[in-house]
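Contents: one structure, followed by commentary.
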Amino acid sequence: MILLLESVHPDAQSILEAADSVELVEDLAAFDPRSYGRGVRAVVTRGRGQADRELIAALPDLVVVARCGAGLDNVDTRAAAAAGVAVVHAPGLTTAAVAEHALMLMLALARRVVEVDTAVKNGRWSVRDGFESTELRGKRMGVIGLGAIGTKLASFGRMLDMEVVCTTRREPDVDVDVERVDLDELLATSDVVQLCVPLSDSTRSMIGAAQFAVMKPGALLVNTARGAVVDHVALADALTRKSLGGYATDVWDPEPPRADDPLRSDGRVLVTPHVAGLTDVTYREICVRPAEAVNAILTGAAPDPRWVYPAGIP
């Protein structure tokens with residue numbers, strides 16, 4: 001059996017059904033993998049379902065875990081490797097969609113789109129009287145993390161006639177002529193900061209009180225990385241002190257936001273519910289490619305190595 005922790009694209013489900021029976025977990029909050037025991041050969045998740053150590057230990061017949069997406073922070077890759085369980089995912093397929101979304105968030109925040117849209121829909125056309133937004137032409141955009149998404153964003157910034165700088169811990173995948181500066185200089189001089197790093201021990205809460213303290217007053221922060229990259233207590237404090245101009249994000253920590261989280265109702269915070277990769281093109285791809293890899297593994301064929309996590313095939 002193949003266990004879906006969340007729904008997937010219909011084309012991906014058809015591919016999975018060609019390899020084994022498929023069952024969708026209806027209530028993820030009440031899900032207990034121990035109730036399944038033997039017979040589950042594959043687990044497929046998107047972003048919310050956790051393929052953790054406990055799940056892997058509870059399913060003795062598990063052969064492969066699939067993540068329909070790029071990041072693997074909801075998959076315990078070490079536990080999988082120790083148990084001889086393959087891990088497949090969809091790296092690189094979300095680049096264009098996420099970069100477009102980050103551009104959209106930056107523009108919407110700078111031009112106060114949500115604020116004026118809400119005002120007009122509430123009958124206040126007069127919101128335009130004395131209105132002023134931020135033009136990005138000539139402003140500096142600092143990109144933290146120059147992987148594929150950060151590189152794409154750098155090109156978008158230049159398209160808008162922005163000055164672009166970056167800080168990155170690795171060599172770019174392609175030859176990109178972007179000035180590199182250290183993190184403090186990037187924060188102190190950038191009008192817009194774009195977060196494009198994976199979540200790891202070194203990036204968790206990497207934007208905290210110390211970083212907000214050195215940011216350029218009124219700067220905008222955009223996060224399409226992971227919610228935990230930003231310390232939300234420090235974020236709330238920076239907004240309260242009005243040192244930060246605004247925060248636009250597609251990610252949160254935890255997801256979904258708690259009902260009593262004061263940031264949800266702050267007019268300077270723009271939130272989308274982790275949908276950057278859910279486009280007409282990309283959503284299908286990030287579901288179908290891991291599904292094809294699962295099908296191959298379960299039927300004894302060789303999966304496309306592009307979708308196999310480096311731990312390899314058991």
Query raised in the report: Within the stretch 48-56, can one find any residue that is exposed (fewer than 15 other Cβ atoms within 10 Å of the Cβ) and either in contact with a strand residue (DSSP E or B) (Cβ under 6 Å, 6 or more places away or on another chain) or without any contact (Cβ under 8 Å) to a residue 24 or more places away in the chain (or both)?
Result: yes
Query raised in the report: When you go through Ala96, Ala86, Ala110 one by one, which is the residue that is within 16 Å of Thr249 (Cα to Cα) and modelled with pLDDT of 95 or more?
Result: Ala110
Query raised in the report: Among the strands (runs of 3 or more DSSP E) contained in the stretch 158-227, which hold 1 or more residues that are touching a residue at least 12 places away in the same chain (Cβ under 8 Å), among the hydrophobic types (A, V, I, L, M, F, W, C) and open to solvent by 30 Å² or more (accessible area, probe 1.4 Å)?
Result: none
Query raised in the report: Taking the condition over 18 Å from the mean Cα position of the chain (by Cα) and either under 30 Å from Ile15 (Cα atoms) or not hydroxyl-bearing (Ser, Thr, Tyr) (or both), does Arg264 pass?
Result: yes
Requested in this report: Just give me the residues in the stretch 60-116 being in a loop (DSSP other than H, G, I, E, B), under 16 Å from Val44 (Cα atoms) and under 21 Å from the mean Cα position of the chain (by Cα), in sequence order.
Outcome: Cys68, Gly69, Ala70, Gly71, Leu72, Asp73, Asn74, Asp76, His89, Ala90, Pro91
Requested in this report: Consider only pairs whose beta carbons are under 7 Å apart and that are at least six residues apart or on different chains; among these, list those whose first residue lies in the stretch 260-272 and is closer than 10 Å to Val114 by Cα and touching a residue at least 60 places away in the same chain (Cβ under 8 Å) and whose second residue is assigned to a strand (DSSP E or B) and among the hydrophobic types (A, V, I, L, M, F, W, C).
Outcome: Leu270/Ala248
Requested in this report: Being charged (D, E, K, R) and either within 18 Å of Leu270 (Cβ to Cβ) or touching a residue at least 12 places away in the same chain (Cβ under 8 Å) (or both) is the filter here, so list the residues in the stretch 228-257 that pass it.
Outcome: Asp231, Asp237, Lys242, Asp250, Asp253, Glu255
Report summary line: Checked the stretch 15-40 for anything open to solvent by 50 Å² or more (accessible area, probe 1.4 Å) and in a helix (DSSP H, G or I); matches are Glu17, Ala29, Ala30, Arg34, Ser35
**Report entry** Some residue of the stretch 102-116 being aliphatic (A, V, I, L, M), more than 25 Å from Val229 (Cβ to Cβ) and surrounded by fewer than 18 Cβ atoms within 10 Å (Cβ to Cβ)
**Finding:** yes
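The values are calculated or read from the model by the stated rules, or taken from the named source; none is laboratory data. On a predicted model such as this, the values are computed, not experimentally measured, just so you know. Don't worry about glycine lacking a Cβ; one is built from the backbone with ideal geometry, like all the others, and counts go over all protein chains shown. Note: accessible area is taken over every heavy atom of the protein model, side chains too, but ligands, DNA and RNA are not part of it. Shrake-Rupley method; radii C 1.70, N 1.55, O 1.52, S 1.80 Å.
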